[in-house]
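A.B. asks: Structure in structure tokens, see below.
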Amino acid sequence: MLLELHVRNLALIEQADVEFGEGLNILTGETGAGKSIIIGSVNLALGQKASKEIIRSGADYASVELVFFVEEDKRAALAALDVFPDEDGILLVTRKILPSRSVSRLNDEAVTTARLRQVTGLLLDIHGQHDHQSLLHAARHLEILDLYIRKQAEPLKEQIGRSFRRYQELTKALEEMRGDEESRRREADFLRFEIDEIEQAAVKEGEEEELTAQYRRFSNGRKILESLGAAYEAVETEGLGRAMHQLGQVVSYDEALQPIQDQLYDAEAILNDARHAISAYMEELDFDEEELAQVEARLDQIHNLQAKYGASVGRIQEALEEKKARLEQLEHFDEYRQRTEAEHQAATEQLDALCSQLSELRKAAAKTLTERIRAGLVELNFLDVEFAMEFRRLDHYTPGGFDEAEFKISTNPGEPVRPLGMVASGGELSRIMLAIKTVLADSDDIPSLIFDEIDTGISGRTAQKVSEQLALISRSHQVICITHLPQIAAMADRHYEIAKSADGGKTRTRIRRLDGEEMVIELARLLGGAQITEAVLENAREMKKLAEERRRGL
């Protein structure tokens, strides 16, 4: 459940802190007060793309924090994603938006947007103002059905995914076999050449590094000799000998000079050793031009192999094995093709069987789903409605099976069911989506649902029906709903007002929870507009009282 929302420096919001509760949480406010910013802030926290323009004027950054309480039954699912609420079951989701970047965190751990959505998708579902428009796309309909049967369908879809990948591999292999005999002969000849080239080269692990060191030494031979000669002259001990002679004449006069004399003896010994080492190295140094040419040629050969087959000895060996395997296929082509065709046939049969199994599962579930949606539509004031799902088989396989499905509806007696886009208006699409959400909520374990102006395009008795449906959902889920309709607002367990004010030349949006009488006044505003008379207030009280009675009766 979403416990708290904290917003800082976001658009018109300087600071907003909201504590949500169980049941139906309603948010209302004047047009332009910033209702969309509140839901927008939640979307930002969940990873929606953010621009620096969203930062409040004069502020260095914007931030959104969501505080969730995670029930015990959800903690195992989060643990599978390596996410752990604290000992009190609290999980913090934060998003800090800076002019140049943004940072998302789960508790104190920075996370990617993809990971954030994966985690929060278990806790919260948002239905935006225009989400019902997705019902105009038939691809969305199959997704809804699969959500309805997620627990049964997901293991089967995973099997289909693996089977589909194998089917694709074998299909590609068969396509590559369609070349003519001459092409295969040329390919086999070239493979033999490449195999022979790699085997003849016989490159050893570490050989390139060793040869590179030799080449560096050989190719810089003249410079090495010049530098060693200069170094030999630099360690000449003639000056050191004079120093020792001079000190020897006076050391007997002062014992304190003895350590200095000893140091000079040590220095002479060290320098003599260095001269001998330099001399020995120069005598042994042999810059054979032929050997240099051999090293250079071998390095060129190795580099050529690396450019063609891989940057390491291991990768070159892998390429060799791959080419041998391919040559084996070409040399026994008919046998290999027959084996691949048999494997492809078996893979196709397996994939088709799994897709058929999923299709049967979907078709059986679709009957239950569409009947429940139809019943929900009746509750939402569709007086005489038929709702169905039509299936078609694709002419190809996909990782999700071979089904194509579409919802169809009839809102008038005697008329055939037709695609939603041909029948339903914007307001009707909103109610259809709400009916779908209601059905999914019963089979879904997402604890918190947010509806952003689900009431678009409806009024009167239909609005009353929608309010009752939202109240019903809120008995098993936390519901947060932005609305402009008094019928829906009256059903609130908690009611929040979003208001805009001007102070010191700046515009601010604030949000606060309303108490009992304030809820009545806000309902009166929704009912009566700018002028709130005593009659409107009385009407609002009556509406609130009736709504509470209906809630108890649900």
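The values are calculated or read from the model by the stated rules, or taken from the named source; none is laboratory data. Since the structure is predicted, the reported quantities are computational estimates derived from the model, not experimental observations. A quick note on method: Cβ atoms are made from the backbone with ideal geometry, for glycine too, and the neighbour counts reach across all protein chains shown. SASA here: full protein model, heavy atoms, side chains in, ligands and nucleic acids out. Shrake-Rupley method; radii C 1.70, N 1.55, O 1.52, S 1.80 Å.
A.B. asks: Can you compute the equivalent ellipsoid semi-axes for segment 240-327, i.e. the square root of 5 times each eigenvalue of the Cα gyration tensor, sorted largest first and rounded to whole Å?
C.D. replies: Result for segment 240-327: semi-axes of 63, 17, 7 Å.
A.B. asks: Fully extended, how many nm does the chain gain between MET282 and TYR61 (0.36 nm per residue separation, minus their Cα-Cα distance)?
C.D. replies: Result: 72.8 nm gained on full extension.
A.B. asks: Can I ask one more? Give, in whole angstrom and from largest to smallest, the semi-axes √(5λ) of the equivalent ellipsoid of segment 399-466, with λ running over the eigenvalues of the Cα gyration tensor.
C.D. replies: 22, 22, 10
A.B. asks: Next question. Hey, if you put +1 on the Cβ of every Lys and Arg and -1 on every Asp and Glu Cβ in segment 244-322, which of SER279, GLN246, ALA297 ends up farthest toward the positive end of that dipole?
C.D. replies: ALA297
A.B. asks: Also, I was wondering about something else. To test your reading of the geometry: what angle, between 0 and 90 degrees and rounded to tens, separates the Cα axis of helix 289-309 from the longest principal axis of the chain?
C.D. replies: With both axes taken from Cα atoms, the answer is about 10 degrees.
A.B. asks: Ok, one more. Multiplying the sequence separation of LYS52 and GLU290 by 0.36 nm and subtracting their Cα-Cα distance, what value in nm do you get?
C.D. replies: This chain segment gains 79.1 nm when fully extended.
A.B. asks: Hey, what angle do you get for helix 460-473 against the long axis of the chain, alpha-carbon based, 0 to 90 degrees rounded to 10?
C.D. replies: The answer is roughly 50 degrees.
A.B. asks: Given the protein chains as shown and a 1.4 Å probe, how many square angstrom of TYR61 are accessible, to the nearest 10?
C.D. replies: Roll a 1.4 Å probe over it and TYR61 shows about 80 Å².
A.B. asks: How big is D for segment 379-424, in µm² s⁻¹ as a whole number, if Stokes-Einstein is applied with the Kirkwood radius of its Cα pairs at 37 °C and 0.692 mPa s?
C.D. replies: For the chosen part, D equals 270 µm²/s.
A.B. asks: Let me ask something else. So what is the orientation-averaged projected area of the chain, using the convex hull of its C-alpha atoms, in nm²?
C.D. replies: Across all orientations, the chain yields a mean hull projection of 49.9 nm².
A.B. asks: So what's segment 89-178 giving for Cα Rg divided by 2.2 N^0.38 Å, two decimals?
C.D. replies: 1.63
A.B. asks: Something else: Convex hull over the Cα atoms of segment 437-554, averaged projected area in nm²?
C.D. replies: Orientation-averaged projected area of the Cα hull: 8.8 nm².
A.B. asks: On to the next question. Hey, quick one: spin label on ALA243, modelled 7 Å out along Cα-Cβ, who in segment 256-284 has an amide N within reach, i.e. under 17 Å?
C.D. replies: Residues 257-275 qualify, since their backbone N sits under 17 Å from the label point.
A.B. asks: Under a 5 Å amide H to amide H cut-off, with H placed in plane at 1.01 Å, what residues pair with LEU3 once short-range neighbours are removed?
C.D. replies: VAL67, PHE68, PHE69
A.B. asks: Give me Rg/Rg_expected for segment 12-76, where Rg uses Cα atoms only and Rg_expected = 2.2 N^0.38 Å with N residues.
C.D. replies: Relative to the 2.2 N^0.38 Å estimate, segment 12-76 comes out at 1.34.
A.B. asks: Further question on the same structure: Pop the C-beta distance of TYR215 and LYS324 into the FRET formula with R0 = 45 Å and round what comes out to the nearest 0.05.
C.D. replies: Efficiency, from the Cβ-Cβ distance: 0.90.
A.B. asks: Bin width 5 Å, origin at 0, all Cα-Cα pairs of segment 22-128: what percent of pairs per bin?
C.D. replies: 2, 10, 21, 21, 18, 14, 8, 4, 1
A.B. asks: Enter the Cα centre distance for the pair segment 72-126 and segment 144-210, rounded to the nearest angstrom.
C.D. replies: Here the answer is 38 Å between Cα centres.
A.B. asks: Any idea what angle helix 258-284 forms with the longest principal axis of the chain, computed on alpha-carbon atoms, 0 to 90 degrees, nearest 10?
C.D. replies: Long axis of 258-284 versus the principal axis of the chain: about 90 degrees.
A.B. asks: In nm, what is the difference between 0.36 nm times the number of residues separating ALA173 and GLU360 and their Cα-Cα distance?
C.D. replies: 64.2 nm
A.B. asks: If I take the Cα coordinates of segment 131-239 and project them onto the principal axes, what are the three extents in Å, biggest first?
C.D. replies: Computed over segment 131-239, the largest-to-smallest principal extents equal 98, 51, 26 Å.
A.B. asks: Probe radius 1.4 Å, ligands and nucleic acids ignored: give me the carbon and sulfur share of the accessible area of the chain as a rounded percent.
C.D. replies: 48
A.B. asks: Here is a follow-up. With point charges of +1 on the Cβ of Lys and Arg and -1 on the Cβ of Asp and Glu, referenced to the Cα centre of the chain, which listed residue (PHE402, LEU327, ALA342) lies farthest in the positive direction of the dipole?
C.D. replies: Result: PHE402, furthest along the dipole toward the positive end.
A.B. asks: Moving to a separate point now. Starting from the Kirkwood radius over alpha-carbon pairs of segment 318-470, derive D by Stokes-Einstein at 4 °C in a medium of 1.567 mPa s and give it in µm² s⁻¹.
C.D. replies: It comes out at roughly 67 µm²/s.
A.B. asks: Then there's this: For a Förster distance of 30 Å, can you work out the FRET efficiency between the beta-carbons of LYS96 and ASP493, rounded to the nearest 0.05?
C.D. replies: So, using R0 = 30 Å, E works out to roughly 0.40.
A.B. asks: Let me ask something additional. For ILE450, list long-range residues whose amide hydrogen, built 1.01 Å from N in the peptide plane, is under 5 Å from its own amide hydrogen.
C.D. replies: Here ASP125, ILE126, HIS127, ILE480 satisfy the definition.
A.B. asks: Using the Cα centre of the chain as the reference point, and only Cβ charges (+1 on K/R, -1 on D/E), how large is the resulting charge dipole? Debye, rounded to the nearest 20.
C.D. replies: The calculation lands at about 4100 debye.
A.B. asks: I would also like to ask the following. Using θ = phi - 60° and the Karplus form 6.51 cos²θ - 1.76 cosθ + 1.60, what ³J(HN,Hα) does each residue of segment 382-398 get, whole Hz, x for Gly and Pro?
C.D. replies: Result, rounded to whole Hz: 8, 5, 9, 10, 10, 9, 9, 10, 9, 10, 9, 8, 5, 8, 8, 8, 9.
A.B. asks: Still on this structure, I have one more. Given a Förster radius of 56 Å and the C-beta distance between GLU182 and ASN272 as r, what FRET efficiency does 1/(1 + (r/R0)^6) yield to the nearest 0.05?
C.D. replies: Computed FRET efficiency for GLU182 and ASN272: 0.15.
A.B. asks: Another question, if that's okay. For segment 328-382, what percent of Cα pairs sit more than 16 Å apart?
C.D. replies: In whole percent, the share of Cα-Cα pairs in segment 328-382 beyond 16 Å is 66.
A.B. asks: Which pairs in the list LYS408/LYS465; LYS35/LYS74; LYS367/LYS544; LYS157/LYS324 are over 26 Å apart, alpha-carbon to alpha-carbon?
C.D. replies: Pairs exceeding the cut-off: LYS35/LYS74; LYS367/LYS544; LYS157/LYS324.
A.B. asks: With n ≥ 4 as the cut-off for DSSP H runs, can you work out [θ] at 222 nm for the chain, using -39500 (n - 2.57) per run divided by the number of residues, rounded to the nearest 500?
C.D. replies: -19000 deg cm²/dmol, from helical runs alone.
A.B. asks: Normalise the Debye intensity by I(0) for segment 426-501, one equal point scatterer per Cα, no solvent, then take log10 at q = 0.18, 0.26 Å⁻¹ and round to two decimals.
C.D. replies: Taking Cα atoms of segment 426-501 as identical point scatterers yields -0.69, -1.35.
A.B. asks: Which whole-angstrom value gives the distance between the alpha carbon centres of segment 511-554 and segment 285-342?
C.D. replies: Each part reduced to its Cα centre gives a spacing of 82 Å.
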